[in-house]
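The values are calculated or read from the model by the stated rules, or taken from the named source; none is laboratory data. Here the structure is a predicted model, which means the values were calculated and not measured. Here Cβ is always computed from backbone atoms with ideal geometry, including for glycine, and neighbour counts include all displayed protein chains. Areas reflect the complete protein model, heavy atoms only, side chains present, ligands, DNA and RNA absent. Shrake-Rupley method; radii C 1.70, N 1.55, O 1.52, S 1.80 Å.
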Amino acid sequence: ESLQATVVGDPDYAGELPQLKGALAEAKVVASLYGTKLLSGKQATEQNLRKNIGRGKGILHLATHGVFDADDPLDSAIILSKGRLTAASILEHPLATQMVVLSACETGLGEVADGDDLLGLSRSLYLGGTRSVLASLWPVQDKGTKLFMEIFHQQLRSDGDIGNAWLTARDGVKAKGYSAAVYAAFTISGASELH
């Protein structure tokens, strides 16, 4: 059975944040790989996102702004059109996806609390049933991110092996001459395969 995805790219930030042309280009490529409708601009709302996921999708790819709140990690959020998808709301109303790709600035940063418990977006996703999270640890330039994501998703679609898809993307980006600042930014945590 082929992998199904929900893809969000460059929501309408209503002038509050800069629009992300690179994120839109990246999301268009990812959506076309999975043959799915892209949620972008005014369509990229939490309501439409949840409706698109429905009873479950293999992958949720989010190419948008992300904010990390060190004082209140549950207030960390993915920025969508008409609002924020916070770690707290993900905990309360989980997203039925096996894997989430957070292709946004600062998404992977969580505050390390007692017992090395990583708080923030990733933790809320795991508690809600997501098995794997791919996130960036620091902002990466558009072309490198787009290339990484394109190779990653092409490989993931072919074999469902997340670790192998990450290695293939890393090697592909490296081979094109990008520095470690690009390919080392993306980390995977959780399960290594989609089922």
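Could you tell me which of the residues THR45, THR97, THR64 is among the β-branched types (Val, Ile, Thr) and more than 13 Å from the chain's Cα centre (by Cα)? Spell out the reasoning first.
Values: THR97 fails: more than 13 Å from the chain's Cα centre (by Cα); THR64 fails: more than 13 Å from the chain's Cα centre (by Cα).
So the residue among THR45, THR97, THR64 that is among the β-branched types (Val, Ile, Thr) and more than 13 Å from the chain's Cα centre (by Cα) is THR45.
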- Residue check, ILE59 buried (at least 23 other Cβ atoms within 10 Å of the Cβ) and either in contact (Cβ under 8 Å) with a residue 12 or more places away in the chain or among the polar types (S, T, N, Q) (or both): yes
- What are the pairs, 6+ residues apart or on separate chains, where a residue within region 174-195 that is farther than 20 Å from SER124 by Cβ and among the small types (Gly, Ala, Ser) has its Cβ under 6 Å from a residue that is at pLDDT below 90 and not in a strand (DSSP E or B)? ALA185/LEU137; ALA185/TRP138; ALA185/VAL140
- Item | Residue list for region 2-38, restricted to those being farther than 25 Å from ASP159 by Cα, outside any helix (DSSP H, G or I) and out of contact with any Leu (no Cβ under 6 Å at 6 or more places or on another chain) | ASP12, TYR13, ALA14, GLY15, GLU16, LEU17, PRO18, GLN19, LEU20
- Query: Do you know which of the residues in region 137-184 that are more than 18 Å from SER32 (Cα to Cα), touching a Ser or Thr at 6+ places or on another chain (Cβ under 8 Å) and crowded, with 18+ Cβ neighbours inside 10 Å is modelled with the lowest pLDDT?
  - Reply: VAL182
- Item | One residue from LEU17, LEU24, LEU33 being open to solvent by 40 Å² or more (accessible area, probe 1.4 Å) and touching a residue at least 60 places away in the same chain (Cβ under 8 Å) | LEU17
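When you scan region 145-167, do you find a residue that is without any contact (Cβ under 8 Å) to a residue 60 or more places away in the chain and in a loop (DSSP other than H, G, I, E, B), even just one?
no
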- Qualifying positions in region 79-93 - more than 14 Å from GLY120 (Cα to Cα) and not in a strand (DSSP E or B): SER81, LYS82, HIS93
- Checking ILE90 against (1) out of contact with any strand residue (DSSP E or B) (no Cβ under 7 Å at 6 or more places or on another chain); (2) at pLDDT 85 or above; (3) open to solvent by 40 Å² or more (accessible area, probe 1.4 Å), which test does it fail? (3)
